[in-house]
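Here's the structure we're looking at; comments come further down.
No value in this document is a laboratory result; all are computed from the given coordinates. What you see is a predicted model; the values in this text were computed from it and never measured. Don't worry about glycine lacking a Cβ; one is built from the backbone with ideal geometry, like all the others, and counts go over all protein chains shown.
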Amino acid sequence: MADDINRQDAMRAHDRSHGVSEALNEATIKAGEAAIKTLMLVNGGAAVSALAFIGGLVGQGRVTVKQMTDVSSSLLWFAAGVALAALALGFSYFTNLALVNLGRSRVHTWQHVIDGPTTNRWWWWSMIFKGLAIAVALLSLVAFVVGTIDVRASIIRLGQ
């Protein structure tokens with residue numbers, strides 16, 4: 001009788017453990033995707049805006065193509081921001097993969113959920129990928145800020 005009660009308690013604990021893992025994984029994926037998509041959109045939009053600005057000025061004959069090379073350097077920053085955001089998305093994926101494998105590495109017995117032989121390794125991988133995703137996403141944001149400052153400086157130089 002006591003074994004049956006322990007078994008039922010263990011099954012409920014397993015179900016809760018699986019439910020928490022699934023909910024956390026889903027929330028992490030959604031939040032990471034939203035942040036990274038925003039970074040891609042901001043950097044990509046800035047690149048398109050810079051191209052439109054350059055094209056408009058050259059098309060109106062206000063500046064020469066040679067003068068626009070100064071403004072065009074900002075495109076590299078915005079392109080780097082998009083590339084870094086894509087890299088962050090990749091690291092976000094690997095973070096989620098590591099977390100899924102972390103959950104799967106736990107040993108489910110009829111007594112309690114315990115860590116398996118690979119649980120610690122998957123935890124470390126999830127931390128590494130999460131750190132990389134955050135760092136690269138922040139670099140994407142830095143690329144946007146530097147690109148914006150570069151555009152401003154270029155416009156000031158054109159006005160002189």
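The 3J(HN,Hα) values that the Karplus relation (6.51, -1.76, 1.60; θ = phi - 60°) gives for the range 94-107 are, in residue order, 5, 4, 5, 4, 5, 5, 5, 5, 4, x, 6, 7, 6, 8 Hz. Gly and Pro appear as x.
With +1 on each Lys and Arg Cβ and -1 on each Asp and Glu Cβ, how big is the dipole of the chain about its Cα centre, in debye rounded to the nearest 20? Before the final figure, lay out the partial values.
Details: 13 positive and 10 negative charges, 122 e Å.
Computed charge dipole of the chain: roughly 580 debye.
Each stretch of four or more DSSP H residues adds -39500 (n - 2.57); spread over every residue of the chain, this sum gives -32500 deg cm²/dmol at 222 nm. Simple rule: put +1 on each Lys or Arg Cβ and -1 on each Asp or Glu Cβ in the range 2-159, find the dipole, and look at 75, 42, 92; the Cα lying farthest toward the positive end is 75. Phi-derived couplings, Karplus 6.51 cos²θ - 1.76 cosθ + 1.60 at θ = phi - 60°, listed residue by residue for the range 72-87: 5, 4, 5, 4, 5, 5, 5, 5, 5, x, 5, 5, 5, 5, 5, 5 Hz, with x used for Gly and Pro.
For the range 78-154, what class follows from the C-alpha gyration tensor (a ≥ b ≥ c being the square roots of its eigenvalues): rounded when a/c is under 1.5, otherwise prolate if a/b is larger than b/c, else oblate? Note, shape of the range 78-154 comes out prolate. Labels on offer are [x] 47, 37, 25; [y] 46, 41, 24; [z] 90, 22, 16, and the one holding Cα extents along the principal axes in Å computed from this structure is [z]. For residue 116, the residues whose amide H sits under 5 Å from its own are 106, 107, ignoring neighbours fewer than 5 places away on the same chain, with H placed 1.01 Å from N.
Derived scalar couplings between HN and Hα for the range 13-20 equal 5, 4, 4, 5, 4, 5, x, 5 Hz in order, rounded to whole Hz, by the Karplus curve 6.51 cos²θ - 1.76 cosθ + 1.60 (θ = phi - 60°), x for Gly and Pro.
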